[in-house]
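The values are calculated or read from the model by the stated rules, or taken from the named source; none is laboratory data. Keep in mind that this is a model prediction, so the values were computed, not measured. No Cβ is skipped: glycine too gets one built from the backbone with ideal geometry, and neighbour counts run over all protein chains shown.
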Amino acid sequence: MSGKRWVVDPTRRILLVDADAFYVAVARLVDPEGAGKAPLLIVGGSADRRGVVTSASYEARAYGVHSAMPMSRAVRLCPGATVVPVPWEACGRKSHEIKQALRQFTPAVEQASSDEFYVDLTGTERLHREPLGTTARRMRDAVARETSLTVSIGGGTSKLVAKLAAGVAKPRPGMAADGVCVVEPGREEEFMRRFALADIPFVGPKFQGRLEQLGLRTVVDVVPHDRVTLVGWLGRREGEWLYERVRGVDPAEVVPDREAKSISRDETFAADIADDAALAARLLALAGRAAGDLREAGLLARTVTVKLRDFDFTTRSAARTLPEPVHSERVVYDVSRALLAKLRRARRVPARLLGVALSNLVPAEAGTQLSLLDEAPESGLETERDRAIARVIDRVRDKYGPDALGRGGR
DNA sequence: TCTGGGGTCCTAGGACCC
DNA sequence: TCTGGGGTCCTAGGACCC
């Protein structure tokens, strides 16, 4: 920690690089003749599979379409729109390309999501002999040149300020923007005054509701109250947190190369599934995908979690932590099946979503002693035979693609 | 309107150990 | 027989992000 938790640290220089309409832009690059020529474009899951909008073109947004909206509603709001699925693989590649373009400036690049990157340029201003905004504009040009994607960049003395500044820098319908907004050190409080509390990251619907009860809707509503008052209203943790954030104070560091903490695969069914055998078949496919991706990442997992969403959207989960880390489909599936059985015993109703998550991850090199004997399915212990079968599965998928061996679960 | 898929972080309670 | 506190690990659920 910096040791300056309560005040702005004027020496920090942080950027947030955010790709403009990322999924829409990539869909257009992948399919220039179709998606590329449709001004009204919506990217996401199809309406008849209970999909949602991942991203919409600025033209489609004018009809009220926005991300996370059910696709069924989106096409009703904007009947003329072209709808295309998310090009996940191309998005992953483009995401990587953006990161590489930014790393030419500094290794201190943290990927916050597919389309957002924090960059820490603290101490480099003198090195580059240029102001932060100038570096940001050079970054924008580099990304455009090397990826054909447009990004907006916000800058300031914290991740919070950089993120909010990037929102200000975004192009708006009918309003030109140069795509860069830097808040100078000392200007944080003034900058923050324009925002609603809902604009602050991690102030979600629930927290907003509590704040509204206290008559707090905007930054300007909160600033007059001292720390003790806010702590009295919201409790120590959240009171202190809000006191700092409305002043643009955020001690979070830019952390490059974050290690994954969990790997999960889940599926919302096109129609609810009531039958246990049919659920087991989907579970087998999900366990296989999760375990395969775990091995591809060079990891082992000690905890297996099964998630079940019932027809009425009740979401339940069951987890088991094993004595030794594993990554074979055999063990992941056996443990998952026992966990699913437990959840179904508690409430046997039609299900809309099933998922498998693997956590408590350790690098595969760490190695563990394996039993040479075959284990009972419920033991949760992995044998050398399990690992050997997993290696064969990986080789087949390498050669024939991820859908070989029924990964799709059809 | 009828709600995805991938994640992270926090909390609270219970088990267990010293 | 009554009475501790601290620490760690695990499970389940929930808020939140893009």
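Please tell me if A:Leu216 is crowded, with 18+ Cβ neighbours inside 10 Å and either modelled with pLDDT under 95 or in a helix (DSSP H, G or I) (or both). For A:Leu216, the condition - crowded, with 18+ Cβ neighbours inside 10 Å and either modelled with pLDDT under 95 or in a helix (DSSP H, G or I) (or both) - is not met. Residues in segment A:43-63 that are surrounded by fewer than 15 Cβ atoms within 10 Å (Cβ to Cβ) and either within 12 Å of DNA strand B (Cβ to nearest atom) or within 23 Å of A:Ser113 (Cβ to Cβ) (or both): A:Ser46, A:Asp48, A:Arg49. Within segment A:107-148, the set of residues being among the acidic types (Asp, Glu), crowded, with 17+ Cβ neighbours inside 10 Å and under 14 Å from A:Arg13 (Cβ atoms) comprises just one member, A:Asp120.
Screening segment A:115-188 for helices (runs of 4 or more DSSP H) wholly inside it with 1 or more residues that are modelled with pLDDT of 95 or more and more than 16 Å from DNA strand C (Cβ to nearest atom) returns the ranges A:132-147. Quickly run through segment A:205-232 and pick out the residues that are farther than 18 Å from A:Gly248 by Cβ and polar (S, T, N, Q). Once the filter is applied, which keeps residues that are farther than 18 Å from A:Gly248 by Cβ and polar (S, T, N, Q), segment A:205-232 yields A:Gln208, A:Gln213, A:Thr229. Could you say whether any residue in segment A:2-10 is within 14 Å of DNA strand B (Cβ to nearest atom), aliphatic (A, V, I, L, M), surrounded by fewer than 22 Cβ atoms within 10 Å (Cβ to Cβ) and touching a residue at least 24 places away in the same chain (Cβ under 8 Å)? Checked against the condition, which is being within 14 Å of DNA strand B (Cβ to nearest atom), aliphatic (A, V, I, L, M), surrounded by fewer than 22 Cβ atoms within 10 Å (Cβ to Cβ) and touching a residue at least 24 places away in the same chain (Cβ under 8 Å), segment A:2-10 yields no hits at all.
Number of residues in segment A:141-179 that are in contact with an Asp or Glu (Cβ under 6 Å, 6 or more places away or on another chain) and over 30 Å from A:Arg247 (Cβ atoms) equals 2. If you check A:Arg193, A:Arg245, A:Arg237 for being of a type outside the set (A, V, I, L, M), within 30 Å of A:Thr122 (Cα to Cα) and away from DNA strand B (no atom under 16 Å from the Cβ), only one passes: A:Arg193.
For every residue, the table says whether it meets (1) in contact (Cβ under 8 Å) with a residue 24 or more places away in the chain; (2) assigned to a helix (DSSP H, G or I); (3) within 13 Å of DNA strand B (Cβ to nearest atom).
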| residue | (1), (2), (3) |
| --- | --- |
| A:Val249 | yes, no, no |
| A:Ala252 | yes, no, yes |
| A:Ala278 | no, yes, no |
| A:Ala285 | yes, yes, yes |
| A:Gly292 | yes, yes, yes |
| A:Leu300 | yes, no, no |
| A:Val304 | yes, no, no |
| A:Phe313 | yes, no, yes |
| A:Leu322 | yes, no, no |
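Can you find, within segment A:64-105, the residue that is farthest from the chain's Cα centre (by Cα) among those that are of a type in the set (A, V, I, L, M) and away from DNA strand B (no atom under 13 Å from the Cβ)? Out of the qualifying residues, it is A:Ala81. Scanning segment A:78-111 for residues that are free of Cβ contacts under 8 Å to residues at least 12 places away in the same chain and touching a strand residue (DSSP E or B) at 6+ places or on another chain (Cβ under 8 Å) gives a single hit, A:Arg103.
For segment A:302-315, the set of residues classified as within 11 Å of DNA strand C (Cβ to nearest atom) and exposed (fewer than 15 other Cβ atoms within 10 Å of the Cβ) consists of A:Phe313, A:Thr314, A:Thr315, listed by residue number. Residues in segment A:238-280 that are surrounded by 12 or more Cβ atoms within 10 Å (Cβ to Cβ), under 28 Å from A:Val326 (Cα atoms) and over 26 Å from the mean Cα position of the chain (by Cα): A:Asp276, A:Ala278, A:Leu279, A:Ala280. For A:Val349, work out the one condition from (1) part of a loop (DSSP other than H, G, I, E, B); (2) on the phi > 0 side of the Ramachandran plot it doesn't fulfil. Answer for A:Val349: the failing condition is (2).
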